[in-house]
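This report concerns only the one structure given below.
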Amino acid sequence: MKTRYFIFISYKGTSYHGWQIQPNSVTVQKLLEDALSVVLNEKISTIGAGRTDTGVHALYFCAHFESTSSILDTTPKLVFRLNSYLPKDISVNAIKKVLPDANARYSAISRTYKYFISGIKDPFFENSSWYLHGNIDISKMNEACKILFNHSDFTSFSKLHSDTKTNICRIYEAFWEQESNRYVFSIKADRFLRNMVRAIVGTMVEVGTGKINFYEFEEIIRANDRSRAGKSAPAKGLFLVGIEYPEEIFIK
């Protein structure tokens with residue numbers, strides 16, 4: 001009898017074409033499934049909490065899979081073996097037994113992203129932040145964050161021709177912080193559309209650099225038109241940092 005598990009991982013997305021398996025591309029999902037299949041000695045398929053685009057990173061990602069293997073009863077040993085098999089930029093952090101109907105994607109209550117901008121050229125953050133030269137008014141961008149809470153349809157920040165059934169999202173948190181020469185955007189919502197965070201960041205930077213005002217920012221949201229919003233911020237500055245699940249789906 002198969003048992004369902006959640007596997008929690010972290011990965012640096014620089015070398016990958018995102019999470020989801022694609023033909024003729026190296027993806028995180030493919031490497032994880034290969035590792036699980038070898039270590040557990042059975043064919044393993046995973047369902048991820050969502051998809052991350054090429055170059056996007058994840059400090060916290062979750063997928064579910066099913067297995068009959070008894071080695072899963074010795075989780076620390078299994079985590080060590082998986083990490084020995086996986087490349088250095090993918091790490092398995094934990095594996096937890098869950099209820100049979102628990103779903104890494106649909107059971108999630110919320111997801112949290114952070115986006116990093118560097119105000120200086122920094123070789124140590126080249127692959128993990130957007131280098132943006134010039135003055136950025138973080139107070140204006142935080143005012144723009146407040147406007148997000150007045151809306152739920154974020155079509156203007158959604159990737160065109162995506163297969164989502166609805167563009168309605170509920171945003172719980174959105175704010176900017178400045179850490180020395182770095183600007184950090186945090187956003188938490190019940191769900192996100194494809195490219196949504198990067199499109200929001202790209203448009204907010206236009207607010208912070210004085211290219212558009214608050215009225216124009218809100219009009220962009222109201223338009224439900226991706227062409228009205230700013231360019232998407234580069235993928236390399238985006239990190240998935242948290243996914244929240246109800247405690248009752250986990251089997252102790």
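Of note:
- One decimal place: the segment Asn150-Thr209 gains 19.0 nm when fully extended, by the rule 0.36 nm per residue minus the C-alpha distance.
- HN-Hα J in Hz across the range 27-38 - Karplus 6.51, -1.76, 1.60, θ = phi - 60°, x for Gly and Pro: 10, 5, 4, 4, 5, 5, 5, 4, 5, 4, 5, 6
- Multiplying the residue separation of Phe80 and Glu42 by 0.36 nm and subtracting their alpha-carbon distance yields 11.9 nm.
- Nonlocal amide H pairs with Tyr172, under 5 Å, H built at 1.01 Å: Lys188, Ala189, Asp190
- Contour minus Cα-Cα distance for Ile71 and Tyr106 (0.36 nm per residue): 9.9 nm
- Amide hydrogen neighbours beyond the local backbone of Thr209, cut-off 5 Å, H modeled: Asp137
- Here the range 3-106 is assigned +1 on the Cβ of each Lys and Arg and -1 on the Cβ of each Asp and Glu. Its dipole about the Cα centre then comes out at about 160 debye.
- A simple spin-label model places the labels of Asp34 and Thr166 3.9 nm from each other, with each point 7 Å out along Cα-to-Cβ.
- Under a 5 Å amide H cut-off, with hydrogens placed 1.01 Å from N, Ala233 pairs with Ala199, Val201, Gly202 among residues at least 5 apart or on other chains.
- Among the trypsin sites (Lys or Arg not before Pro) in the range 65-111, those placed in a DSSP loop whose Cβ has at most 13 other Cβ atoms within 10 Å are Lys88.
- Inter-site label distance for Met1 and Glu173 at 7 Å from Cα along Cβ, in nm: 3.9
- C-alpha long axis of helix 138-148 to longest principal axis of the chain, angle in °: 70
- Dipole in debye (nearest 20) - the chain, about Cα centre, beta carbon charges: Lys, Arg +1; Asp, Glu -1: 420
Values quoted throughout were computed directly from the atomic coordinates according to the rules given, and no laboratory measurement underlies them. This one's a predicted model, so the numbers in the text were calculated from it and none came from an experiment. In this analysis, Cβ positions are derived from the backbone assuming ideal geometry, glycine residues included, and neighbour counts consider all displayed protein chains.
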